Amino acid sequence: MTWLLFVLGAILSWGMYGVALHTGQVQLGNPLRALLCVGIAYFLIGVLVPVFALSSQSGLSGFSTAGTAWATGAGVLGAIGAVCIIWAFRTGGTPLYVMPLVFGGAPLVNVIASMTLHPPKISPHPLVYVGFVLASVGAGMVLYFRPQA
């Protein structure tokens, strides 16, 4: 059950991501400055931490080509997502609109991609499709009943 603590960490981190990014972007006056700061943070946490940890475990060798390609592709997708969020803010979106759409839509894409790349052993329960509708309706309700700015 320790993994749930990490899930909570991701929820809290990503839940604050859009608000923090938008605030930084506004205060920096240029979305590309905010993207640069995000890149520096990714480098510090995403590169230096594993390099130190892996080197202490003698784990800096033995990377497979397929694993490296998939993991690097995942990093590219994460970076593209950050760029898309920054451009959504730059073109008039606010965290109150952008983030519920992102976090409402991303789980749907995740389930579809997961079932495509890792087909379930048995057919998904039909209520999974009801869940798709409810997630979409939920994101819509969050947007419709959002607090007024």
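Taking GLN27 as meeting all but one of (1) farther than 22 Å from LEU96 by Cα; (2) exposed (fewer than 10 other Cβ atoms within 10 Å of the Cβ), write down the number of the exception.
(1) is the only condition that GLN27 fails.
Taking the criterion of being exposed (fewer than 11 other Cβ atoms within 10 Å of the Cβ), small (Gly, Ala, Ser) and closer than 24 Å to GLY104 by Cα, would at least one residue in the range 63-72 satisfy it?
Within the range 63-72 (the criterion being exposed (fewer than 11 other Cβ atoms within 10 Å of the Cβ), small (Gly, Ala, Ser) and closer than 24 Å to GLY104 by Cα), the answer is no, since none of the residues qualifies.
Before we move on, is ALA113 more than 24 Å from ARG146 (Cα to Cα) and of a type outside the set (Ser, Thr, Tyr)? Please lay out each step first, then the result.
On the way: more than 24 Å from ARG146 (Cα to Cα): yes; of a type outside the set (Ser, Thr, Tyr): yes.
Considered against the rule, which asks whether it is more than 24 Å from ARG146 (Cα to Cα) and of a type outside the set (Ser, Thr, Tyr), ALA113 comes out as yes.
Go through the range 64-105 residue by residue and tally those that are in contact (Cβ under 8 Å) with a residue 24 or more places away in the chain and hydrophobic (A, V, I, L, M, F, W, C).
Qualifying residue count for the region: 13.
Checking the condition of a type in the set (Phe, Trp, Tyr) and at pLDDT below 90, which residue from PHE132, PHE89, PHE145 passes?
Numbers: PHE132 fails: at pLDDT below 90; PHE89 fails: at pLDDT below 90.
Criteria check complete, one pass: PHE145.
Here is a list: ALA135, ALA88, ALA79. Which entry is within 13 Å of the chain's Cα centre (by Cα) and at negative phi? Walk me through it before giving the result.
Values: ALA135 fails: within 13 Å of the chain's Cα centre (by Cα); ALA88 fails: within 13 Å of the chain's Cα centre (by Cα).
Going through ALA135, ALA88, ALA79 in turn, the sole match is ALA79.
Select from the range 30-60 the residues that are of a type in the set (Phe, Trp, Tyr) and either farther than 18 Å from GLY78 by Cα or surrounded by 12 or more Cβ atoms within 10 Å (Cβ to Cβ) (or both) and list them in ascending order.
At the first step, the residues of the range 30-60 found to be of a type in the set (Phe, Trp, Tyr) are 42-43, 52.
Passing the criteria: TYR42, PHE52.
Among the residues of the range 5-23, are any of a type in the set (A, V, I, L, M, F, W, C), in a helix (DSSP H, G or I) and more than 25 Å from VAL83 (Cα to Cα)?
Our first condition is that a residue be of a type in the set (A, V, I, L, M, F, W, C); within the range 5-23, this holds for 5-8, 10-12, 14, 16, 19-21.
Next, only the ones that are in a helix (DSSP H, G or I) stay: 5-8, 10-12, 14, 16, 19-21.
Restricting the remaining residues to those that are more than 25 Å from VAL83 (Cα to Cα) gives 5.
Yes: the range 5-23 contains one or more residues that are of a type in the set (A, V, I, L, M, F, W, C), in a helix (DSSP H, G or I) and more than 25 Å from VAL83 (Cα to Cα).
The values are calculated or read from the model by the stated rules, or taken from the named source; none is laboratory data. No experiment lies behind these values; they were computed from the predicted model shown. Counting neighbours? That spans all protein chains shown, and the Cβs are built from the backbone with ideal geometry, glycine included.
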